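The structure under discussion appears below in the form of structure tokens.
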Amino acid sequence: MRWASGLGLALYTSDAVREAAEQVVDQMDGQTADLILVFASPHHQAAYNRVPALLQQHFPDALVLGSSGGAIIGAGREIEDMPAVSITAAALPGVELRPFHIDDGPLPDAGTGLADFLGIPQNIDPHFIVLPEPTSFDPAPFLVSLDATYPSGRTVGGLSSGGREAGANAIFLNDLVARRGLTGVALSGNVVMDTVVAQGCRPIGQPMFVTKSHNNMVYELDGRSALDTLKDLYEELPRPDQELARHSLFLGLVMATQQQEYHQGDFLIRNLMGMDPERGALAVGALIEPNIVVQFHLRDRSTSTRDLRQVLSRYEAAEPPAGALLFSCLGRGQGLYGTPNHDSDLLRERFGDVPLGGFFCNGEIGPVRGATHLHGYTSAFGLFRPKVR
């Protein structure tokens with residue numbers, strides 16, 4: 001197994017693709033790429049439809065998967081607010097690749113129905129890379145079905161970004177340039193895909209039960225007005241945390257409902273969308289079930305750095321990954337850390353110069369505690385190595 005990653009920063013798309021491709025070819029040392037992952041910034045939007053043909057010139061035998069991205073990761077660098085195309089390539093001996101595209105419409109039930117629909121047998125223990133287009137496809141139900149159908153597999157990916165309206169994003173699969181739906185690939189055989197997901201938030205206050213809710217509105221927490229509960233918590237916070245709460249306050253939804261104690265990392269982080277003072281309610285960027293345990297969270301650069309270092313340190317494979325993909329939130333990067341290449345540098349600090357590609361997403365996909373979730377403000381890594389040498 002051999003991985004390589006290149007980055008093209010030229011203004012013209014053909015030049016950027018050629019620049020990245022030449023870097024990849026040099027790194028592949030004569031091996032033929034089986035899989036190409038391409039990510040392109042919105043500066044290349046007018047030429048998205050040309051990307052497959054441009055890649056075909058350099059990698060005629062490879063399966064191509066990719067997406068537009070608001071910012072691009074390639075060759076271990078994170079490129080924000082600049083034109084960029086990244087190409088990450090993998091030679092995968094003993095690995096079978098099964099691509100798929102879902103446009104829209106209802107999906108079959110989990111199990112045999114979904115397996116037949118995707119054309120991917122259940123008994124091959126595949127791992128998945130998935131790239132949904134967020135204005136046209138809700139990935140959450142699909143991820144639940146995917147977990148149920150392939151319980152031994154892992155899934156990573158990210159929601160395409162870079163466009164501000166329907167049809168502005170693009171997802172790639174071979175010669176297809178789709179503006180809606182989801183593209184993906186299943187990898188099976190001589191491949192292990194480990195995952196690292198860092199949410200980068202810390203809890204404040206205490207866990208509470210949602211005692212009254214409807215859809216995405218939370219009316220009561222532990223029997224009290226949700227808004228009054230938040231106001232009381234705010235008054236108890238130290239001044240630095242009060243400042244953070246003005247722009248970096250979130251609600252965490254517990255993932256393992258059978259737990260008796262809850263700690264950092266036990267919650268899915270969701271946006272607080274607004275308040276209803278008349279009814280004392282909070283609007284959350286998720287459907288809220290009654291009786292679920294929740295806790296308020298804050299996000300800052302030091303917590304996020306510490307969290308990523310901790311989850312990377314827990315990776316215990318016998319050898320470093322041969323290649324890696326990073327799906328990071330548009331809310332991370334220089335805007336959060338004040339410095340470029342933060343998450344990429346932490347990966348390099350842990351594993352050395354691993355070929356790394358990816359993009360900054362409208363939502364990140366990765367497993368936590370055995371279940372795949374759609375995240376926000378997260379970095380989700382897929383780390384690839386062979387099962388056997």
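Residues of the stretch 334-366 that are of a type in the set (Gly, Ala, Ser), open to solvent by less than 20 Å² (accessible area, probe 1.4 Å) and under 24 Å from Leu92 (Cβ atoms): Ser344, Gly357, Gly358, Gly366. Here Glu96, Glu80 are screened, and the one residue that is open to solvent by 10 Å² or more (accessible area, probe 1.4 Å), more than 30 Å from Leu11 (Cα to Cα) and among the charged types (D, E, K, R) is Glu96. Checking the condition part of a helix (DSSP H, G or I) and either farther than 21 Å from Gly363 by Cβ or of a type in the set (Asp, Glu) (or both), which residue from Ala90, Ala115, Ala110 passes? Exactly one of Ala90, Ala115, Ala110 is part of a helix (DSSP H, G or I) and either farther than 21 Å from Gly363 by Cβ or of a type in the set (Asp, Glu) (or both), namely Ala115. Count of the stretch 53-79 residues, restricted to those that are in a helix (DSSP H, G or I) and in contact with a strand residue (DSSP E or B) (Cβ under 6 Å, 6 or more places away or on another chain), is 1.
For first residues located in the stretch 103-118 and among the hydroxyl-bearing types (Ser, Thr, Tyr), partners that are open to solvent by 30 Å² or more (accessible area, probe 1.4 Å) and lie 6+ apart or on another chain with Cβ distances below 8 Å form the pairs Thr112/Gln122. The set of residues from the stretch 28-75 being open to solvent by less than 70 Å² (accessible area, probe 1.4 Å), of a type outside the set (Gly, Ala, Ser) and more than 25 Å from the chain's Cα centre (by Cα) comprises Met28, Leu54, His58, Phe59. Taken over the stretch 176-200, the criterion of being surrounded by fewer than 20 Cβ atoms within 10 Å (Cβ to Cβ) and farther than 23 Å from Pro139 by Cα is satisfied by Gly189, Asn190, Val192. Counting only strands (runs of 3 or more DSSP E) wholly contained in the stretch 201-300, the ones carrying 2 or more residues that are hydrophobic (A, V, I, L, M, F, W, C) and open to solvent by 20 Å² or more (accessible area, probe 1.4 Å) occupy 208-214, 267-276. Looking only at the stretch 83-93, residues that are under 25 Å from Tyr337 (Cα atoms) and surrounded by fewer than 24 Cβ atoms within 10 Å (Cβ to Cβ) come to 1 in all.
Arg369 falls short on exactly one of the conditions (1) over 19 Å from the mean Cα position of the chain (by Cα); (2) closer than 24 Å to Ser188 by Cα; (3) charged (D, E, K, R); (4) open to solvent by 60 Å² or more (accessible area, probe 1.4 Å), and that condition is (1).
When the stretch 234-288 is filtered for residues that are at pLDDT 90 or above and among the acidic types (Asp, Glu), the ones remaining, listed by number, are Glu235, Glu236, Asp241, Glu243, Asp276, Glu278.
The values are calculated or read from the model by the stated rules, or taken from the named source; none is laboratory data. Since the model is a prediction, treat every value here as computed from it, not as a measurement. Cβ sites come from the backbone with ideal geometry, for glycine too, and all protein chains shown count toward neighbours. Calculation scope for accessible area: heavy atoms of the full protein, side chains included, ligands and nucleic acids excluded. Shrake-Rupley method; radii C 1.70, N 1.55, O 1.52, S 1.80 Å.
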